[in-house]
Amino acid sequence: RDGRAKPIIMIIVEEAINAGIEEIGIIVQREDQPLFEDFFKTPLKPELYQKLSPQNQEYSQYIQNLGKQISFIIQDEQEGYGHAVFCGKEWVKGEPFLLFLGDHVYVSDIETSCTKQLLDIYEKVDKSVIGLTIMPGEIIHKAGCVTGMWQDSDSIFSLTKLYEKPTLEYAKTNLHTEGMAENQFLAVFGIYILEAKIFDYLEEDIKNNSRYKGEFHLTTCLERLRQDQGMMGYLIKGQDFDTGMPQFYRQTMIEFPNANYPKQ
């Protein structure tokens, strides 16, 4: 988007940094850690660095500086998104935290980035808040779905239910939001700001081996957090591009470079 080819993780890191985040933890597989270390923390060899343009030399140094703000958190076994999030418990240290999906990238439709939009809402509501998007019924079975009540004209939403990857029939019966078209639903955008209490529910699921389709899920624990503390949603003014599913990857490669770009 800025004329440079980048790994997805770099785009996500820049999204966070540009929104004012100062410390970043990346959940990685142990065997993948050297790849991330090499990218973010290992300087280029001098002979390669000298071949870069002055602008790209500056960007190379920028990546190294970012590396000082990044920690790598090991997930020894891939046991679901909820398990991956739980691996960050000690790193989070009991504080509210910003969470990104690792295979999604985001483009704002307005000057304020998608992440900064959500941070601004968190400051207003002072409780866990998740980014939302409108999704057609044909693909709602691929996403976490929510329902609830609109709070005001600023796209703030009070959640009354979260459900992971519902069938269309279940969504129509239990998750439809008043005022939306019959075949449209509110789905998780892929950016969350969560209270650290979420780790209690994740830990309980892991200790009890409570899985869904063989994995530990985040959405079921989000629903328990909502019941305990309340939870808000915000309809983000922006687009979320999926790179984790083959059927969406090609579409992302075509559309992402030409999508609206936040001026912030």
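To keep it simple, each residue is scored yes or no on (1) surrounded by fewer than 19 Cβ atoms within 10 Å (Cβ to Cβ); (2) at pLDDT 70 or above; (3) of a type in the set (Asp, Glu).
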site	(1), (2), (3)
216	no, yes, no
231	no, yes, no
245	yes, no, no
249	yes, no, no
253	yes, no, no
262	no, no, no
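Candidates are the residues of the range 118-161 that are among the polar types (S, T, N, Q) and out of contact with any Ser or Thr (no Cβ under 7 Å at 6 or more places or on another chain); the one that is farthest from residue 194 (Cα to Cα) is 153. The single condition among (1) at pLDDT 95 or above; (2) more than 13 Å from residue 235 (Cβ to Cβ); (3) surrounded by 15 or more Cβ atoms within 10 Å (Cβ to Cβ) that residue 143 does not meet is (1). Taking the numbered list (1) within 19 Å of the chain's Cα centre (by Cα); (2) over 20 Å from residue 81 (Cβ atoms); (3) not hydroxyl-bearing (Ser, Thr, Tyr) in turn, residue 194 passes all entries but (2).
Do any helices (runs of 4 or more DSSP H) entirely within the range 1-51 hold 1 or more residues that are outside the structural domain of residue 119 (by TED's automatic domain parsing) and in contact (Cβ under 8 Å) with a residue 12 or more places away in the chain, and if so, which? Explain how you work it out, then say what you get.
Working: elements: 8-18, 33-41, 46-49.
Correct list: 8-18, 33-41.
Considered as a group, the residues in the range 101-151 that are acidic (Asp, Glu) and in contact with a helix residue (DSSP H, G or I) (Cβ under 9 Å, 6 or more places away or on another chain) include one that is farthest from residue 243 (Cα to Cα), and that residue is 138.
Beta carbons closer than 6 Å, at least 6 apart along the sequence or on distinct chains, pair a first residue in the range 161-177 that is among the polar types (S, T, N, Q) with a second that is buried (at least 18 other Cβ atoms within 10 Å of the Cβ) for 177/147; 177/186.
Take the range 52-76 and flag every residue that is outside any helix (DSSP H, G or I) and either among the polar types (S, T, N, Q) or more than 21 Å from residue 19 (Cα to Cα) (or both). Steps first, answer last, please.
Of all residues in the range 52-76, those outside any helix (DSSP H, G or I) come to 52-53, 68-76.
If the condition is that a residue be outside any helix (DSSP H, G or I) and either among the polar types (S, T, N, Q) or more than 21 Å from residue 19 (Cα to Cα) (or both), then 52, 53, 69, 71, 73, 74, 75, 76 are the ones that fit.
What residue, among those in the range 77-117 that are assigned to a loop (DSSP other than H, G, I, E, B) and among the hydrophobic types (A, V, I, L, M, F, W, C), is farthest from residue 197 (Cα to Cα)? Steps first, answer last, please.
Initial filter on the range 77-117 (assigned to a loop (DSSP other than H, G, I, E, B)): 77-80, 87-88, 93-96, 101-103, 109-113.
Next cut, among the hydrophobic types (A, V, I, L, M, F, W, C) only: 87, 101, 110.
Numbers: 87: 14, 101: 19, 110: 32 Å.
Among them, the one singled out is 110.
Within the range 196-227, the set of residues being farther than 13 Å from residue 163 by Cβ and part of a loop (DSSP other than H, G, I, E, B) comprises 196, 197, 208, 209, 210, 211, 213, 214, 216.
The values are calculated or read from the model by the stated rules, or taken from the named source; none is laboratory data. This one's a predicted model, so the numbers in the text were calculated from it and none came from an experiment. Cβ sites come from the backbone with ideal geometry, for glycine too, and all protein chains shown count toward neighbours.
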